[in-house]
Every structure is written in C-alpha cells, then in structure tokens.
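Each reported figure results from applying straightforward, stated rules to the coordinates on display, with no laboratory input. No experiment lies behind these values; they were computed from the predicted model shown. No Cβ is skipped: glycine too gets one built from the backbone with ideal geometry, and neighbour counts run over all protein chains shown.
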Amino acid sequence: MVKTLVAIALCLCVAAPAGAAAPAAPKPPKPEWSELTPAQQKVLEPLKEDWTSLDTVRRKKWVKVADRYPKMKPEQQQRLQAQMKEWVRLSPEQRRAAREKFLAIKKLPPEKRAQLKAQWDLYQQSLAAKSDTTTADEASAVGTH
Amino acid sequence: MNEHELARKIVQRLNGGLDHIKQGTLYRLQTARQAALDRCREVPQPAFNPALAGAGFSVSRGRFFNARNLIAMGLLMLSLIGITYWQYVVQSNDIAEIDASLLTGDLPFNAYIDSNFEAWLKRSSQ
C-alpha cells in the first residue's frame, strides 16, 4: 500500500510539470468589459480605461467588489469610486503593503482609529500649509527679480 | 490480575480454542489459505520494471494500473483540484472583502502607504 501511494505521488509529480509545460495558448483575461452587467459597469466605470490591463484574478475581484456596492452606504460608495482608479495603478507590492497595514489598523480599538484619522487630517493640513508657504515664497522671489 | 497474567490467560484460551476447531472449519480455512497463495503466485512477474526499481521498490505495469490504484489516483487528483479551487475562491473572496473595506474606510488608502505620514506620526508623538 505504501509502495502504491509512493508510486502515485511520483506519477503526479512527473505529470504535473509535464502538463504545465504543455504548450497552451494564453487565455484572454475574463470577464471582458462587455460581459459585465450594466450595474457592474456603472460601479466600475472609473476602471473602464484600465480594464484591459487587469488579469482575470483582478477582474473577478472587482466584479465581487461591484456586487457588494449596493449594500454600501452612499459615502462608502463615493469613497470607493473616488479611489479605485488610483488603487489599480499601484504596484502589487504597494497594494499588499496597504492591505497589511489596513488589517493591522483594523484591529486597533475604535478610539485609536479615530485618533489616526484625525492625525491624517492634521498631516494633510500641514502639507497644504507647507505647499502654500512654498508657493508664496516662489511668488515673492519672482516678484523681487 | 496483572497484565502478564491476563495475557497468559488469553493465550491459553486462544490455544484451547485452536484445539477445538471443527474439522470442517479447519478444512475451509486451509482451502482459503491455499487459494489465496495460488492467486498470489498467478500474478505475472514484472516484465516492465521502471527506474523506480532502483530506488528500493518496483512497480509493475500490471500491478500499478489496476482498478484500485486508478480509483485512488482519481480521488487524489480530485482532492487536489478541489483544494486548489477552494483556496482560490477563499483567497479571492478575502481580497475582495479587504479591498472593499479598505477603499470605503474613513482613511484614504494613501494613509497606509505614505511613508512620510508614518515618519510624521513618529515625530509628532515624540
């Protein structure tokens, strides 16, 4: 019995790479944009331009996200559509890092998460203030020449 | 009664039982044993002996491609396909759920990848 199992395992090990190496025409990613329902197309409209660059796994993932869309609150729907275009243009490493960080932050207590959101807003304000100062400095420098 | 005593009694009982087996039963047991041995001898000796033989075991074509092995192989393949598909579905659902939550959350996704924000947080906490 042991010999039989070892033989089967060896056969599978030999057969699997042989099957993988067999020449096969690459399948086009699915689903095509035209295959989406009108509702899915409407949700995924920001991705229309990038749809051809997405592989099957990512396309199917977005279809699942689109199917969850009707259950989201209006502000969540807005956030999703506002961010999806930039999100797909991130590198896989960036997306993975973002997911890991998101999951870590999700475990924090609600007050900590609220604090982090407040800090992010503050950080954005500080960036905007710095940008305004730089613009003003450049304008005054141009004015003195 | 200790363990050895019990074992001794069981052996004694079994041997006693052996002495009292009916002739008819004994004959049927002998016939069955002989038939099993004959069937075993009838299996053709391997003419085809793949390279596996050198690895410490031999697998003949006749023995390998029998119904039992084919069923076992089929079940193994089905299990592998099932596990792979299940992992794919679970992983795909997980990523869809994470992405949907991430992109609809209070924090924009840039907050998770902006290393300057992280540095700013560290500075402001000092």
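For each of A:27, A:117, count neighbouring Cβ atoms within 10 Å of the residue's Cβ, then give the residues from fewest to most.
A:27, A:117
Cut-off is 10 Å between beta-carbons; in what order do A:65, A:88 appear when sorted fewest neighbours first?
Arranged by neighbour count, lowest to highest, A:65, A:88 become A:88, A:65.
Would you list, by chain and number, the aspartates and glutamates whose Cα falls below 12 Å from the Cα of residue A:30, excluding same-chain residues fewer than 8 positions away?
Filter leaves A:55.
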